[in-house]
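In what follows, a single structure is set out as structure tokens and then discussed.
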Amino acid sequence: MTAPPPNIVAEHGLSGEEYERILDILGRAPNHLELGIFSVMWSEHCSYKSSKVWLKTLPTTAPWVIHGPGENAGAVDIGGGLAAIFKMESHNHPSFIEPYQGAATGVGGILRDVFTMGARPIANLNALRFGDPNHPKTRHLLAGVVAGIGGYGNCVGVPTVGGEVNFDPGYNGNILVNAMTVGIAPKDRIFTSQASGVGNSIVYTGSKTGRDGIHGATMASAEFGEGAEEKRPTVQVGDPFTEKLLIEACLELMATDAIVAIQDMGAAGLTSSSFEMASKGGLGVELDLDRVPCREDGMTPYEMMLSESQERMLMVLKPGREDLARGVFEKWDLDFAVIGRLTDTGRMVLRMHGETVGDLPIDPLAEAAPEYRRPYEDTPEAPAIAPSAVPAPDDTGAALRRLLGSPDLCSRRWIWEQYDHMVMADTVQRPGGDAAVVRIHGTTRALAITTDCTPRYCQAAPHLGGAQAVAEAWRNLTAVGARPLAVTDNLNFGNPERPAVMGQFAGCVQGIGEACRALEFPVVSGNVSLYNETNGKAIPPTAAIGGVGLIEDLERTADIALKAAGEALVLIGETRGHLGASLYLREVADRREGAPPPVDLAAERRNGDFVRGLIGAGTVTTCHDLSDGGLAVALAEMALAGDLGAQVTPPEDPALPPLHAWLFGEDQARYLVTVPTSEPVLEAARRAGVPAVRIGTTGGDALTLPGGQPIFVAELRAAHETWLPAYMGETPAD
Amino acid sequence: MKAAVIVFPGSNCDRDVQVALAQAMARHAQKGGGGGTPTMVWHKDSDFEAVDLIVLPGGFSYGDYLRCGAMAAQSPVMKEVMRRAGKGVPVLGICNGFQILTEAGLLPGALVRNANLKFVCRDVTLRIETSQSLFTARYEAGAKIRVPVAHHDGNYIAADEDFERMEERGQIAFRYCAPDGTLTTAANPNGSARNVAGVFNETKTVLGLMPHPERLAEDALGGTDGRPLFDGLVEALS
């Protein structure tokens, strides 16, 4: 076997040091195929070589956790003999290059991670970040990503029920597409990728292998420079119809006893799936590449092993179950081929045309992947900004309209109306609230699901931003009455080889860990996306958190809509009027600075547990968490959802911050609820040591804020609903 | 009543309509009628048991990679569905099922891409155009109901002479309307001609509609306006 020239090594994204390590492991130079396999397996995307040391610090256990990180997705016990299985994963690089297919295959990939474990997917969410609306590519990217997510999710018939969207010039060269899937499986029938049984058949099923997506994982592990679009051939093409068939066929076969282990072919395709199964089982594999179903003639072993063609699965079957499995997959018109077997050699041996074309030891390659403790610099602390140092608006109503109509806060209806959010007929709370609520089919229980991150907080103070993202997810689940169970994290950052970026990463992970510990909200799955930078400019650090909670009784939930006139508005949690890094500061005062609001995890927990108790007792059916834009925006959203006004009077309190800070401050751990009479709730709050104060009354067709004229709800609606459709070039229907 | 839900590869509202019908059958059983659950029939089956109602569910049969419903209209099971429809067995096609029925020639007209070229999923208001049918007997003519749509190709078209005949014979089942019942462009989610949301065949034994009544047939899901369609069918066919 001849040694590859140095430029080929570099083109495979391997450092000189890593290449030396390959020579040590093999005791010889790798051939081209073997080099390609090392390249994808040791890519940042597959190996987590820069992030692993930090990820190990996250809390991953709780009595209800069944599978933490390390499997295709995390699994938690939700009672009734069932488990919720979920994960969030990025498809950032491909979506920037080719938004429709990039986003579509992102959805396909995360769905496979979930149903591979035996779960029927019941909900999709997505956390999206785009560049400046005025950037020439933003409109095209937004249109393509939304169409791609819808095109895939709608066709497979899994409702897309929620998510979040931000716009920031920091994403001009690198958008973020983070897709989350939640599924439900019988708790005692969860499937993993750990192979066992020497001699057992390795079976390939799903779509045929083509030449698409070769080196996708390596591409996703490098920065973009000029001409990123030229990498389009590394983007895969999705086929949601085949995915739908694959879901049904896999679930049908999983109901039998045929499967020993199963793994989807995602990043690094056949290479990583076969390695992972063998490595987890401490075994070897022999693959006969002549048997791999191929889309084109004349594909080389290199192409087959590195292809990232979508909608493919690898399984280890019990002896004698091949015909049963073949029957199921043929019923669904899917390819099915026995392509190899498990061995006890601990090696991966690849054969084609009767020759050995690759021979690699599995453990050193999969387990001894490089792991770096990269140098990092802490992000300099942002100065706190006193509420009085931020000017009050000339007109409170105008400021509110401006916030409600801003790209980051305006209605996302244009997006979610392109997603089928009701298929499966279990969507109880549709998009637009604090968390999506999806019924557990055939029961009166439900899962609450949310995704959250405030990138401007992560940028100003990574540690705090990481904690805040977790706290907000926990709060959003609480606000619908759910008991928060666990999270999946999707960590999007720039180039980890730069200490400033690594500092952001370390800070966010530490903050996430701290909040997850304090809230008993462990991390059960996740994904890291690094090298999100173009021409040396990194994205804002974006630690997206996907949270899942359990609602025991659908009769005891809350949503954000005001429901009846004459009810008392009660604000729960302490308001100091924190305006640093707030949306008010950015959108109204045109300043991007300051420290984000502090996160007090003890208060977060105390206030949240109190609110959940109110909802569980049936005392409260309208509840909204306070976040971007503070009290005024939360109240406006509640008025819009219920098509009902309210009159607000600030409490008489000498410590009250300036009015605009009271209205627009983004202090954490707060909720706004309505109750027929406030006194019992205020009394219960006093007993629980939770700050609570009555701030007004519902009613009428306008919102009356202190220091301003009444604003009609219809006027707020126009401000809220206009920006996005207009930006996307739609004229309102007559 | 016995009902069959036809499952094509890519159907994805098959379970939803099965549940809505089973719930209607359970309600009927509480009043002394027979209960039961619709059976699922696989698209490769060229024969299936005798039933009182055949349902073609929503979804993306065969991926809708060709014209929506065109592939499904040619599948083995559809020959049997067409034969039975010809004998008067009631057939209900929802969303993709409606598209299949027009492709199979069981209903007039065609469904083309939405006027704004985008998938649309939202609640719409429908006006009941007639209560003189198996499917709409439990509604009052002129009543307004709220049910969701979720489709990319729901823009109904038909030749003018077809429309005239259909209007004359009362073959228009539902139209998209404003909450006050007027037929406006804003209330029409997909650009359908004459705001048509659902149509019957000449004998009113076959109904196709783009909206999903099965998705708002339970209080827990936010509404029950779709329920009378299923209750009416169960009552009439039991």
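No lab work stands behind these numbers, since they all come straight from the coordinates. As the structure is a prediction and not an experimental result, all values here were calculated from the model. Glycine also receives a Cβ, built like all others from the backbone with ideal geometry; neighbour counts cover every protein chain displayed.
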(message) Only Cα pairs within less than 10 Å get springs; with that Gaussian network setup on chain B, which residue of B:Phe174, B:Phe135, B:Phe119 has the largest fluctuation?
(response) B:Phe119
(request) Rounded to whole Hz and in sequence order, give me ³J(HN,Hα) for segment A:140-149 from the Karplus expression 6.51 cos²θ - 1.76 cosθ + 1.60, θ = phi - 60°, writing x for Gly and Pro. (result) 4, 5, 4, 4, x, 5, 5, 5, x, 4
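So what is the relative contact order for chain A, in percent, with contacts set as C-alpha pairs under 8 Å and at least six apart?
Reported as a whole number, the value is 15 percent.
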(request) Could you calculate the contour length gain from A:Glu555 to A:Asp188, that is, 0.36 nm times the residue separation minus the distance between their Cα atoms, to one decimal place in nm? (result) 129.3 nm
(request) Just name one of A:Tyr376, A:Ser50, A:Asn72: the one whose Cα is farthest towards the positive end of the charge dipole of chain A (beta-carbon charges, Lys/Arg +1, Asp/Glu -1). (result) A:Asn72
(message) Testing the spin-label approximation: label points 7 Å from Cα along Cα→Cβ at A:Ala389 and A:Lys537. State their distance in nm.
(response) 2.7 nm
(message) I'd like the mean, over residues of A:421-433, of how many other protein chain beta carbons sit within 10 Å of each residue's own Cβ.
(response) 6
(request) Tell me which residues come under 5 Å, amide H to amide H, from A:Asn166 once H is placed; ignore anything under 5 positions away on its chain. (result) A:Leu128, A:Arg129, A:Phe130
(request) Determine which residues of segment A:682-710 fall in the zone a paramagnetic label at A:Ala655 would reach in this model, i.e. backbone nitrogen under 20 Å from the point 7 Å along Cα→Cβ. (result) A:682-696
(request) Would you please classify the overall shape of segment A:369-464 from the alpha carbon gyration tensor, given that a ≥ b ≥ c denote the square roots of the eigenvalues, rounded means a/c under 1.5, and beyond that prolate means a/b larger than b/c while oblate covers the rest? (result) oblate
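Taking R0 as 51 Å, what FRET efficiency do you get between A:Glu330 and B:Leu117 from their Cβ-Cβ distance, rounded to the nearest 0.05?
0.85
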(message) List the trypsin sites (Lys or Arg not before Pro) within segment A:298-393 that DSSP assigns to loop and that have no more than 13 neighbouring Cβ atoms inside 10 Å.
(response) A:Arg373
(request) Go through segment A:285-329 and name the GluC sites (Glu not before Pro) that are in a DSSP coil and have 12 or fewer other Cβ atoms within 10 Å of their Cβ. (result) A:Glu296
(message) Sort A:523-531, A:694-702, A:168-176 by packing, meaning the average of other beta carbons within 10 Å per residue, with the highest value first.
(response) A:523-531, A:168-176, A:694-702
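What FRET efficiency comes out for B:Lys31 versus A:Ala255 if R0 is 30 angstrom and r is the Cβ-Cβ distance? Round to the nearest 0.05.
Approximately 0.25, to the nearest 0.05.
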(request) Output ³J(HN,Hα) for segment B:157-165: one whole-Hz value per residue in order, computed from phi by the Karplus curve 6.51 cos²θ - 1.76 cosθ + 1.60 with θ = phi - 60°, and x for Gly and Pro. (result) 10, 7, 5, 3, 5, 5, 4, 4, 5
(request) For A:Thr209, list long-range residues whose amide hydrogen, built 1.01 Å from N in the peptide plane, is under 5 Å from its own amide hydrogen. (result) A:Cys294, A:Arg295
(message) I'd like the mean, over residues of B:11-21, of how many other protein chain beta carbons sit within 10 Å of each residue's own Cβ.
(response) 4
(request) Return the sequence-ordered ³J(HN,Hα) values of segment A:548-563 in whole Hz as given by the Karplus equation 6.51 cos²θ - 1.76 cosθ + 1.60 applied to θ = phi - 60°, using x for Gly and Pro. (result) 10, x, 10, 10, 6, 8, 5, 6, 10, 9, 9, 9, 8, 6, 4, 10
(message) Rg and Dmax in Å for segment B:3-237, alpha carbons only: what are they?
(response) 16.2, 48
(message) Between B:Leu209, B:Leu111, B:Leu183, where does the largest GNM mean-square fluctuation fall for chain B, given springs only between Cα atoms within less than 10 Å?
(response) B:Leu183
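Restricting to bridges with both residues inside segment A:544-692, how much of the DSSP beta-bridge set is antiparallel, in percent to the nearest 5?
90 percent
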(message) Suppose we keep just the DSSP beta bridges with both residues in chain B; what percent of those would be antiparallel, to 5?
(response) 60 percent
(message) Ranking request for peptides A:599-610, A:465-476: highest mean number of other beta-carbon atoms within 10 Å first, then the rest in descending order.
(response) A:465-476, A:599-610
(message) Amide H of A:Arg341 versus every other amide H placed in the peptide plane: which residues, excluding those fewer than 5 positions away on the same chain, fall under 5 Å?
(response) A:Ile202, A:Glu286
(message) Given an 8 Å cut-off on Cα distances and at least 6 residues of separation, report the relative contact order of segment B:3-237 as a percent.
(response) 20 percent
(request) Run the quick spin-label model on B:Arg83 and A:Glu377: label points 7 Å from Cα toward the beta carbon, then report their separation in nm to one decimal. (result) 7.9 nm
(request) For segment A:520-651, give the magnitude of the charge dipole about the Cα centre (Cβ charges: +1 Lys/Arg, -1 Asp/Glu; no others), in debye to the nearest 20. (result) 320 debye
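Nearest 5 is fine: what % of DSSP beta bridges in segment A:416-565 come out antiparallel, could you say?
The antiparallel proportion sits near 80 percent.
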(request) Would you be so kind as to identify which of B:Ala70, B:Val147, B:Pro179 lies farthest towards the positive end of the dipole of chain B, taking Lys and Arg as +1 and Asp and Glu as -1 on Cβ and the Cα centre as origin? (result) B:Val147
(request) Taking the dipole about the Cα centre of segment A:304-390, with the C-beta of Lys and Arg at +1 and of Asp and Glu at -1, give me whichever of A:Ile385, A:Gly327, A:Ala337 is farthest to the positive side. (result) A:Gly327
(message) Less than 22 Å apart at the alpha-carbon level, and either on another chain or at least 8 residues along: which lysines does that give for B:Lys204?
(response) B:Lys2, B:Lys79, B:Lys87, B:Lys144
(message) Based only on other Cβ atoms within 10 Å, what is the fewest-to-most ordering of A:Ile110, A:Ile78, B:Ile157, A:Ile551?
(response) B:Ile157, A:Ile78, A:Ile551, A:Ile110
(request) Under 1.5 on a/c is rounded, so check that first for the protein assembly as shown, then, if it is not, pick prolate when a/b is larger than b/c and oblate when it is not; a ≥ b ≥ c are the square roots of the alpha carbon gyration tensor eigenvalues. (result) oblate
(request) Using a/c under 1.5 as the rounded threshold, could you call segment A:300-430 rounded, prolate or oblate? The axes a ≥ b ≥ c are square roots of the C-alpha gyration tensor eigenvalues, and prolate needs a/b larger than b/c, oblate otherwise. (result) oblate
(message) What distance in nm lies between label points placed 7 Å from Cα along the C-beta direction at A:Thr61 and A:Glu17?
(response) 3.2 nm
(request) Mind putting a number on the dipole of the protein assembly as shown about its Cα centre? Charges go on the C-beta only, +1 for Lys and Arg and -1 for Asp and Glu, and I need it in Debye to the nearest 20. (result) 1280 debye
(message) Can you give the FRET efficiency to the nearest 0.05 for A:Glu679 and B:Asp180, using r as the Cβ-Cβ distance and R₀ = 35 Å?
(response) 0.25
(message) List the GluC sites (Glu not before Pro) within segment B:43-140 that DSSP assigns to loop and that have no more than 13 neighbouring Cβ atoms inside 10 Å.
(response) B:Glu49, B:Glu140
